[in-house]
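The structure under discussion appears below in the form of structure tokens.
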Amino acid sequence: NFATDMETASDYGAFMEKFILPPTSSSNDLPLSSLTFAVKDIFDVKGYVAGFGNPDWLRTREIATSTAPTVLAILNAGATCVGKTVMDEMAYSINGENIHYGTPRNPCAEDRVPGGSSSGSAVAVGAKLVDFSLGTDTGGSVRVPASYCGIFGFRPSHGAISKSGVVPMAQSFDTVGWFARDPKILSRVGHVLLPSPQQAAPVRPTQIIIAEDCFQLSSIPYDVVPQIVIKAIQKLYGDDVLRHEILGEYVKTKVPSLKSFMSEENTDQVYNIPSLAALSSAMRLLQRYEFKNNHAEWINAVKPDIGPGISERVSNALSTTEEGIDICHSIIKELHEALTSLLGDFGVLMIPTVPGPPPKLQTNSSELENFRARAFSLLSVVGVSGFCQVSIPLGLYNDLPVSVSLVAKNGADEFLLHLVESIYDNIEKYESA
């Protein structure tokens, strides 16, 4: 089986299967002409089964009779699909390790996890096997692997892009996102997938708010990440667009329904933002509840073999009741309104994508728990509000990829993509010494 092993080595273990879906038209003036892409194993592709990261799912599901509209839109825009990528089982992890199909190799750091659940899609882009790729992001499944693999990842506004022909995880949070190595391709994909904006978005932001407390959650020193982005912003727009905010305090006062999720215990062993930790608890509760409604029947009937870590999460989900679910919906509404009034139409929030560099492969789960808790505090800001977010690679710090995220209001996707193009050209990236 040497040939197969060689092939896996050269494709970084990113692919479930390779095939060619040519563009629907051979015209050269289409927006994505001559570009190649891959899709996460959660999208319907006619003639294949969307395997959802699990062999039992693959075995028990029907072959798709049509292709997901998002994938079709990309083919219609002139790009060529070269295959389906490995993902975490049932999209229920941000690590990227899959016990059945192997863990795609992080092209930035071989001994580190690639991030999940869209692991193969991120690795395929990071390793230059494709120009861009499609993933999905429920709790962080595009933003996390983008950050870990040193590439751009875009999570669009919730509800902006069709999820038809995509296996659901938790509908209140599910989005179709994408990865690219440069902001221009990231934008080109956005122009194809996003609804046309009513008016042309200005490139100049009204304000850029740095969430001071969120950067304290990161293990990377404060003067490293925000500083180089702030320099680029000052160069482009001057000082007067910059503002600083303690996001946790703002959320605490503006989202009263969070009270029931604020924990009593004193978590002073790590830096913690109580209101964002509460936001994360609410998000994870509603996610478990919706996951159960989507998949409990299949899980109970098939009793699938699910890997460690994920099987615990799945069984927690299956025991979720309706208790607290109404409050979760109130929190979504309140946070959406609070952040809309904070940012306005063309304001932007700057936060870390994740709380530090990618964890090592096979890190034990108790060590990861602290990291995961901080990660979900950051990821839930956009997860719950339904805003759009882009993770921007800033090069390598101590030989490991670092990133920053910009967030804009629901519906300001095109504006955010334009802004990233402008800012990125002016960022002096890190190169490890």
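The values are calculated or read from the model by the stated rules, or taken from the named source; none is laboratory data. Fair warning: this is a prediction, and the values are worked out from it, not measured in the lab. Because the Cβ atoms are built from the backbone with ideal geometry, glycine has one as well, and the counts that use them run over all protein chains shown. Please note that ligands, DNA and RNA were not included when accessible areas were found on the heavy atoms of the full protein model with its side chains. Shrake-Rupley method; radii C 1.70, N 1.55, O 1.52, S 1.80 Å.
Data overview
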| quantity | calculated |
| --- | --- |
| Sole exception among (1) in contact with a Cys (Cβ under 7 Å, 6 or more places away or on another chain); (2) modelled with pLDDT under 95 for residue 272, by number | (1) |
| Unique match (being open to solvent by 10 Å² or more (accessible area, probe 1.4 Å) and over 16 Å from residue 182 (Cβ atoms)) among 121, 141, 93, 157 | 93 |
| Check on residue 186, open to solvent by less than 30 Å² (accessible area, probe 1.4 Å), outside any loop (DSSP other than H, G, I, E, B) and farther than 26 Å from residue 283 by Cα | yes |
| Qualifying position, being open to solvent by 10 Å² or more (accessible area, probe 1.4 Å), among the aromatic types (Phe, Trp, Tyr), more than 19 Å from residue 183 (Cα to Cα) and modelled with pLDDT of 95 or more, among 376, 371 | 376 |
| Test for residue 405: is it of a type in the set (Gly, Ala, Ser), open to solvent by less than 10 Å² (accessible area, probe 1.4 Å) and part of a strand (DSSP E or B) | yes |
| Number of the exception - residue 94 against (1) in a helix (DSSP H, G or I); (2) within 18 Å of residue 313 (Cβ to Cβ) | (1) |
| Complete set of residues in segment 274-316 that are within 15 Å of residue 172 (Cα to Cα) and in contact with a His (Cβ under 9 Å, 6 or more places away or on another chain) | 286 |
| Unmet criterion (only one of (1) in a strand (DSSP E or B); (2) within 23 Å of the chain's Cα centre (by Cα)) for residue 20 | (2) |
| Among the candidates 107, 145, 114, residue that is touching a residue at least 12 places away in the same chain (Cβ under 8 Å), of a type outside the set (Val, Ile, Thr) and assigned to a helix (DSSP H, G or I) | 145 |
